[in-house]
Each structure stands twice: as structure tokens, then as C-alpha cells.
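Student: First the structure, then my questions, so here it is.
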Amino acid sequence: MTAGTPRKARATGARSWGPGEAIGLWVFQVVISTFWVALLVQLFFSGDLPDPTPIWFLGLSSLAIWVVYIGGPILVTRMRGAGPTADLWSRIEPRDVPIGLVVGVALQLLVLPIVYWPILRLTDVEPGETAQELVDLIDGPIDVAILTMVVAVGAPLAEEFFYRGMLLQGLRRRIPDVAAVLVSSVLFALVHIQPILYPGTFVLGVVAAVATLKTRRLGMAWAMHIGFNGATLVTLLAG
């Protein structure tokens, strides 16, 4: 791993965006998603979110986040860089899919139980409670399809594009790679709201970031995240 802005970029000045734009987009998505959810609650539920929340609302409320995570990096890199393929390494090769899926599933089913073992000795909160609550809300095949698209497809693709693409690459222009991996993984964990999810999402973030730096493309991180989330969803749907 090497630190800072790539040599070619420093020499030509072609890539003028950096951590400021990346962190700015991260803050922007937090703000805009909060307003978006509040707007949806007002429009569909007259300001009082029902309990339980319907699955379709989860899909609709995710749209604002995905627009920022995908549209923001594309816009920034096209206006101030060399485009998302060059700047964010948004490429995938066939071998990325099986390797990434296996690693993601292994992280979820084999590594996280070890990570959470000491944590669960100190707390009664289960890391899978939130996912289980979502699955319990399913009422028919349409809900299954929506939840699958949100959890196992949309979220992994959008989040990796931003966190291992825009944010990681932006941080690498100013700080060493190791620090960029850690900072981007911390911010990735923090957006998952429930503190019990922080350790697991941080581990995923670190592994996905290292894979991105080693392969110099996002393909393996995408597949890894899909396998990670998909393993949880399949396990819960299977009972």
C-alpha cells in the first residue's frame, strides 16, 4: 500500500478532487436521507410512522441514499477527475464474483461469530435482531423481492461504490493507505445506526477495502458485500 495522491495525478493535475469532496458527500447523504425519510413519513403516514413499518417503505426510503452514493461520485469524478472507472476503480472481472461471494459468506457465518463472542458475553443485544425484525415483517413474495433487492443488491452496490470507491480513494490522496482503510471503515460502520452492528460492518469494511487496494478494482468488494448481506438474508428467510 502507498500513501497519498497517485504520482500520475500529481504530475498532471488531472484529478483535483480529494477527501473534502468525499467527506462532504458522506455528510450530505446523512442529511438528505434524514429529510427524505421525514418527507416520506409525512406524505404516506401523516407524520406518524407506523409500527411495524412496511417493507415497501424500507425500499422507498433507501432511494435517496443510493442516489447520493452513486450519483455523487460519478458527478464529482467526471467534473473534477478522470471519471469513475479510472478514479474509483469501478471495474469487475469474472473471477471477482465467486471469490468475493465466498469471502463475504465466510465473513458473515464464520468470522463474525468469533468477533461477537466476547461482545455477547457483556450484552443481551443480538446483532441479528434488526435483520430478523425486517424478515418478520414480510407479507408475501413481493416483500421478499423488495427486501432482497434492498439488502442483497442495492445496498451492497451503492455502498461499495461510495465507501470503497469515492471515500477510500479520496482519503488515500491525503493520508496513508492503512489510515484510509480504517477511517473509511469507521464511517461505513457508523451509518448503520445500531451500535451492535458496528463491529461486524467495520470488519466487512476493512476486508473489502484491502481487497479493493490489492485488486485495484471494486468487483471483489461488490461481490463480497452481496455475499455478506445475502448470507444473513437467506439464513433468516430459511427460518
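Student: Only one of 142, 175, 114 is β-branched (Val, Ile, Thr), part of a loop (DSSP other than H, G, I, E, B) and more than 20 Å from the chain's Cα centre (by Cα); which?
Tutor: After applying the criteria, what remains is 175.
Student: Just to be sure I understand, how many residues within segment 173-196 are crowded, with 19+ Cβ neighbours inside 10 Å and more than 12 Å from residue 163 (Cβ to Cβ)?
Tutor: Total satisfying the criteria: 1.
Student: Also, I was wondering about something else. Being out of contact with any Gly (no Cβ under 7 Å at 6 or more places or on another chain), in contact (Cβ under 8 Å) with a residue 40 or more places away in the chain, closer than 13 Å to residue 233 by Cβ and of a type outside the set (Gly, Ala, Ser), is that true of even one residue in segment 107-116?
Tutor: yes
Student: Let me ask you something else. Which condition from (1) of a type in the set (S, T, N, Q); (2) assigned to a helix (DSSP H, G or I); (3) in contact with a helix residue (DSSP H, G or I) (Cβ under 8 Å, 6 or more places away or on another chain) is the one that residue 85 breaks?
Tutor: Of everything listed in (1) of a type in the set (S, T, N, Q); (2) assigned to a helix (DSSP H, G or I); (3) in contact with a helix residue (DSSP H, G or I) (Cβ under 8 Å, 6 or more places away or on another chain), residue 85 misses just condition (3).
Student: Hey, among the residues in segment 76-97 that are within 26 Å of residue 200 (Cα to Cα) and touching a residue at least 12 places away in the same chain (Cβ under 8 Å), which one's surrounded by the fewest Cβ atoms within 10 Å (Cβ to Cβ)?
Tutor: 91
Student: Taking residue 189 as meeting all but one of (1) more than 15 Å from residue 26 (Cβ to Cβ); (2) free of Cβ contacts under 8 Å to residues at least 24 places away in the same chain; (3) touching a helix residue (DSSP H, G or I) at 6+ places or on another chain (Cβ under 7 Å), write down the number of the exception.
Tutor: The failed condition is (1).
Student: So which residues in segment 204-239 are aliphatic (A, V, I, L, M) and at pLDDT below 95, if there are any at all?
Tutor: Hits for segment 204-239 are 231, 233, 234, 236, 237, 238.
Student: If I filter segment 114-168 down to residues being surrounded by 18 or more Cβ atoms within 10 Å (Cβ to Cβ) and charged (D, E, K, R), which single residue comes out as nearest to residue 65 (Cα to Cα)?
Tutor: My answer is 159.
Student: Identify, from the list 19, 73, the residue that is surrounded by 15 or more Cβ atoms within 10 Å (Cβ to Cβ), within 19 Å of the chain's Cα centre (by Cα) and farther than 23 Å from residue 156 by Cβ.
Tutor: Checking each option against the conditions leaves just 19.
Student: Another question about this same structure. Tell me, which helices (runs of 4 or more DSSP H) wholly within segment 1-81 include 2 or more residues that are under 28 Å from residue 141 (Cβ atoms), modelled with pLDDT of 90 or more and not hydrophobic (A, V, I, L, M, F, W, C)?
Tutor: The helices (runs of 4 or more DSSP H) meeting that bar are 55-66.
The values are calculated or read from the model by the stated rules, or taken from the named source; none is laboratory data. Keep in mind that what you see is a predicted model, and the values were worked out from it rather than measured. All Cβ positions, even for glycine, are placed from backbone atoms using ideal geometry, and neighbour counts span all protein chains on display.
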